[in-house]
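Okay, so here's the structure we're looking at.
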Amino acid sequence: MWAPPLGAGEPIPGALLPHLACPTTSGTGSECTSLSVIRINDLKTKFVLGNPLLLPDEALVDPTCCDSLPGNIVASTGFDLLSHAIECYTSKAYTRWAKVGDPRKRPYLQGANPWSDLAATRALELVGKYLERGVNDASDSEARDQLMWAATLAGMAFGNTGTHLPHALSYGITHLMHDITTDDYAVASPFIPHGISVIASAPAIFRYTAAGAPERHLEAANSLGADTSDAGNEDAGELVAGRIVELMNKTGMPNGIGDLGFAEADIKSLAASSVRQLRSIANAPRETNLQDIENIYAAALSYG
Ligand SMILES: [Fe+2]
């Protein structure tokens with residue numbers, strides 16, 4: 001099932017046992033995707049399995065499962081859902097694929113499409129409105145309920161669309177992290193939560209990708225709550241980045257990958273690791289090579 005060098009790449013042999021998914025964080029949306037992420041500490045690696053057979057049979061989404069979550073975990077998982085939604089909305093459009101007669105033969109992750117746009121846009125509106133409240137006040141059940149719904153919506157979107165550069169560049173961070181454990185996670189060092197590894201580079205990424213789909217970036221910034229009333233396409237990247245940094249600051253997130261223990265000397269290694277995420281990189285709205293990724297990591301060291 002796992003691709004080489006971890007496994008022989010054999011397909012899942014058939015239907016799996018019944019799968020009832022009940023999320024206990026408001027982030028991954030995995031209760032409605034066909035994707036699983038596995039981390040193998042001994043091999044210092046993390047990878048994704050994607051197969052329609054992995055889609056749960058039923059999802060039981062109960063926000064009260066998150067009542068006891070520390071704010072830092074609501075924040076990191078909330079930024080995961082935020083990034084799922086904005087990556088969906090700004091990814092390359094589904095129309096790039098050649099037409100095929102049988103819809104079942106269309107690519108599994110298709111890129112931005114009208115159906116995922118609906119869910120992604122609503123998820124961005126909700127996370128923009130409720131993230132700060134849900135992180136900073138555990139008793140704010142309205143905010144935490146809405147974050148859970150937003151996570152499910154974003155999962156519906158990205159399970160159909162795929163992610164792009166923020167998730168691709170999170171892999172280098174996860175593979176190379178050292179001597180760090182984020183607060184409120186009861187795990188051994190080194191550990192950086194997925195949502196933090198994703199969002200740490202995101203402002204620098206959207207400053208870069210906006211040129212490939214400026215209208216979409218502008219619409220996403222607006223959905224997240226940025227004031228876009230006097231903005232033009234040339235402002236799109238800055239508006240998305242600025243709104244994300246604002247939310248990161250208000251929720252106690254690291255101020256770039258420098259706060260995760262990385263320095264300029266790590267940039268080439270980070271880029272060399274992440275450039276292997278071919279599918280996600282190809283889903284970005286702008287062509288991206290190794291040098292571009294190095295430039296993005298350099299810009300993501302700190303957001304001032
Ligand atoms: Fe994610």
Condition test on V127, is it closer than 24 Å to S280 by Cα, assigned to a loop (DSSP other than H, G, I, E, B) and not small (G, A, S)? no
Is it the case that A210 is buried (at least 22 other Cβ atoms within 10 Å of the Cβ), under 20 Å from V245 (Cβ atoms) and within 15 Å of the ligand (Cβ to nearest atom)? no
Of all the residues that make up the stretch 153-175, how many are surrounded by 24 or more Cβ atoms within 10 Å (Cβ to Cβ) and polar (S, T, N, Q)? 3
Does G78 satisfy the condition of being within 15 Å of the ligand (Cβ to nearest atom), out of contact with any strand residue (DSSP E or B) (no Cβ under 7 Å at 6 or more places or on another chain) and under 24 Å from G256 (Cα atoms)? yes
From the set of residues in the stretch 174-196 that are touching a Phe, Trp or Tyr at 6+ places or on another chain (Cβ under 8 Å) and closer than 17 Å to A75 by Cα, which is farthest from the ligand (Cβ to nearest atom)? T181
Have a look at L20, L16, L35, L6 and point out the one that is at pLDDT 75 or above, surrounded by 12 or more Cβ atoms within 10 Å (Cβ to Cβ) and more than 16 Å from the ligand (Cβ to nearest atom). L16
Identify, by number, the condition in (1) under 23 Å from R276 (Cα atoms); (2) in contact with a strand residue (DSSP E or B) (Cβ under 6 Å, 6 or more places away or on another chain); (3) within 16 Å of the ligand (Cβ to nearest atom); (4) at pLDDT 85 or above that G50 doesn't meet. (4)
Pick from the stretch 142-186, criterion out of contact with any Leu (no Cβ under 8 Å at 6 or more places or on another chain) and polar (S, T, N, Q), ranking: farthest from I86 (Cα to Cα): T181
Search result, residues across the stretch 130-141 that are outside any loop (DSSP other than H, G, I, E, B) and either more than 18 Å from H84 (Cα to Cα) or touching a residue at least 60 places away in the same chain (Cβ under 8 Å) (or both): L131, E132, R133, G134, V135, N136, S141
Whether any residue in the stretch 49-60 is in a loop (DSSP other than H, G, I, E, B), closer than 21 Å to G195 by Cα and either in contact (Cβ under 8 Å) with a residue 60 or more places away in the chain or in contact with a His (Cβ under 9 Å, 6 or more places away or on another chain) (or both) is what I want to check. no
Which pairs turn up if I take residues in the stretch 189-214 that are in a loop (DSSP other than H, G, I, E, B) and look for partners that are within 13 Å of the ligand (Cβ to nearest atom) and not hydroxyl-bearing (S, T, Y) with beta carbon separation below 7 Å, at least 6 apart in sequence or on another chain? I192/I173; A200/I173; S201/P166; S201/L169
Residue ID - surrounded by the fewest Cβ atoms within 10 Å (Cβ to Cβ), chosen from residues in the stretch 194-207 that are of a type outside the set (A, V, I, L, M, F, W, C) and within 15 Å of P254 (Cβ to Cβ): H194
Kindly check whether there is at least one residue in the stretch 183-193 that is under 24 Å from K250 (Cα atoms), at pLDDT below 95, crowded, with 22+ Cβ neighbours inside 10 Å and of a type outside the set (F, W, Y). yes
Of the numbered conditions (1) of a type in the set (V, I, T); (2) free of Cβ contacts under 8 Å to residues at least 60 places away in the same chain; (3) under 30 Å from E58 (Cα atoms), T181 fails exactly one; give the number of that condition. (3)
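The values are calculated or read from the model by the stated rules, or taken from the named source; none is laboratory data. This is a predicted model, so every value here is computed, not measured. Note: ideal-geometry Cβ built from the backbone for every residue, glycine included; neighbour counts use all protein chains shown.
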